[in-house]
Amino acid sequence: MEEKKEKLEDMFGQLETVIQDMEKEDVSLEDSFELYNRGMNLLKRCNKAIDEVEKKVLVLDEDGETHEF
């Protein structure tokens, strides 16, 4: 079974939700640590996805040929 890749936009949305939850006044210390860990995990996954995209970016030269960036 092929693993479905997460979209960057979805991960950014999840990260935004984590940040909003951390900013709430009534969040407990335990919940803050859990949210922090979830956010750091999301950041790592975002960075990995961005690195993969950067490796696939092709540059078009003046002759119309493509080269990896």
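Figures for the structure shown
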read-out	value
Residue, surrounded by the fewest Cβ atoms within 10 Å (Cβ to Cβ), within the stretch 21-50, restricted to residues that are assigned to a helix (DSSP H, G or I) and of a type in the set (D, E, K, R)	Glu30
Answer from Val18, Val59, Val53 - the residue that is among the aliphatic types (A, V, I, L, M), modelled with pLDDT under 95 and part of a helix (DSSP H, G or I)	Val53
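The values are calculated or read from the model by the stated rules, or taken from the named source; none is laboratory data. Note that this is a predicted model, so its numbers are computed, not measured. Heads up, the Cβs are rebuilt from the backbone with ideal geometry, glycines too, and the neighbour counts pull from every protein chain shown.
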